[in-house]
1. Let me understand region 195-250 better: what is its radius of gyration from the alpha carbons, and its Dmax, in angstrom?
2. List the lysines whose alpha-carbon lies under 16 Å from that of residue 84, not counting same-chain residues fewer than 8 positions away?
3. Once every DSSP H run of n ≥ 4 in the chain is given -39500 (n - 2.57) and the sum is divided by its residues, what mean residue ellipticity at 222 nm do you get, rounded to the nearest 500 deg cm²/dmol?
4. From the square roots a ≥ b ≥ c of the eigenvalues of the alpha-carbon gyration tensor of region 73-231, which class results: rounded (a/c under 1.5), prolate (a/b over b/c), or oblate?
5. For the charge dipole of region 30-114, defined by +1 on Lys and Arg C-beta atoms and -1 on Asp and Glu C-beta atoms about the Cα centroid, which residue among 69, 100, 30 has the Cα displaced farthest towards the positive pole?
6. List the aspartates and glutamates whose Cα lies under 17 Å from the Cα of residue 102, skipping any in the same chain that are fewer than 8 positions away.
7. Excluding residue 239 itself, calculate the net charge of residues whose Cβ lies under 15 Å from the Cβ of residue 239, where each Lys or Arg counts +1 and each Asp or Glu counts -1.
8. Please label the shape of region 140-263 as rounded, prolate or oblate, based on the square roots a ≥ b ≥ c of the eigenvalues of the alpha-carbon gyration tensor (a/c under 1.5 means rounded; beyond that, a/b larger than b/c means prolate, else oblate).
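The values are calculated or read from the model by the stated rules, or taken from the named source; none is laboratory data. Note that the structure is a prediction, hence the values are computed from the model and not measured. Positions of Cβ are generated from backbone atoms using ideal geometry, with glycine treated the same way; all protein chains shown enter the neighbour counts. The protein model used for the area step is the full one, side chains on, heavy atoms only, and it has no ligands, DNA or RNA in it. Shrake-Rupley method; radii C 1.70, N 1.55, O 1.52, S 1.80 Å.
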Amino acid sequence: MEAKVLNGKELSTKIKEELKLEVDELKKSNINPGLAVIIVGNDPASRVYVNSKKKACAEIGMESFEYALDENTSEEALIDLIHKLNKDEKVSGILVQLPLPKHIDEEKVIFAIDPSKDVDAFHPVNVGKLMTGNPDFLPCTPAGIMELIKESGIDISGKECVVVGRSNIVGKPMAMLLLSKNGTVTVCHSRTADIEEVCKRADILVVAVGKPEFIKGSSVKPGAVVIDVGINRLENKKLVGDVEYESASCVASAITPVPGGVGPMTIAMLMKNTVKAARLQAK
Ligand code: NDP
């Protein structure tokens with residue numbers, strides 16, 4: 001049986017419609033959420049992401065302020081800008097599009113963002129709050145994945161959850177969120193001895209590796225929910241995930257497509273965090 005397609009585009013549209021109503025309400029109380037988006041350099045993929053984020057802001061009736069900085073911008077100048085935005089009342093959330101040019105220390109930059117405006121939830125304060133189970137903001141990609149899992153109808157509690165990839169942005173926080181919903185979580189990485197065997201145990205399989213079609217249907221347990229985080233552009237320009245969709249969708253009970261799965265959900269969650277930041281700051 002073909003797997004149910006977990007349509008992130010549709011679900012994100014629904015979430016953004018709800019957020020638009022919330023923004024309209026907030027505006028009536030003179031609370032105007034706004035997102036500052038900083039991009040350094042000319043990376044084409046980063047430009048696409050920034051444009052999508054600005055478009056989503058417009059869709060929910062929220063202001064966005066773009067700061068497009070030159071590739072050679074110094075770390076100091078970038079951090080100065082962040083300090084300025086930390087104090088700017090019109091700015092509820094600050095997003096620094098990653099990756100940054102090599103001469104800039106990403107960790108220092110993330111650290112400079114006021115945790116109450118850190119809508120990506122990358123600041124150590126927000127990472128710590130997630131670890132201890134009391135987060136203000138959930139990291140956008142894992143939070144979007146949790147919504148997609150909910151959509152699949154599976155109850156995470158007691159299930160075998162396998163996350164492939166252990167990045168700070170996706171893999172590690174994903175594992176924490178699944179754990180917080182009582183999943184039994186295994187995290188795989190480049191040194192994992194037998195990934196296929198581990199993946200085959202998964203009732204819920206989340207793959208964030210950054211390698212085109214890395215996980216095949218033969219590594220998927222029949223009936224599993226498969227979440228494909230990867231975004232890989234092939235030489236023929238085709239966009240594929242980290243999971244081989246054709247083979248995996250014949251085995252899984254539900255699966256996310258690429259594009260149109262996790263990607264749009266990440267942006268919807270960024271919007272949700274920014275609206276929440278505005279609400280918290282108004283208190
Ligand atoms: P990173 O490169 O930061 O991390 C990749 C992870 O995969 C690492 O933990 C690495 O292990 C692991 N890995 C690499 N090779 C193997 C292997 N052969 N076997 C097992 N594990 C391996 O990537 P990200 O987490 O930032 O992103 C992953 C993918 O998700 C990318 O395609 C990215 O474009 C996409 N992405 C999509 C988003 C969306 O909104 N849809 C958002 C963010 C990312 P180790 O730690 O041992 O090196």
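1. Spelled out, the Cα radius of gyration and Dmax of region 195-250 are 10.9, 34 Å.
2. 108, 117
3. On the way: 10 runs with 121 residues, N = 283.
Rounded to the nearest 500, the figure is -13500 deg cm²/dmol.
4. Working: a/c = 2.74, a/b = 1.85, b/c = 1.48.
Since a/c reaches 1.5 and a/b is larger than b/c, the shape of region 73-231 is classed as prolate.
5. Working it through, the farthest residue towards the positive pole turns out to be 30.
6. Hits, sequence-local ones excluded: 43, 70, 71, 75, 76.
7. Details: positive: 9, 211, 233, 237, 238; negative: 213, 228, 235, 242, 244, 246.
Around residue 239, the charge tally is -1.
8. Working: a/c = 1.33, a/b = 1.30, b/c = 1.02.
Here region 140-263 falls in the rounded category.
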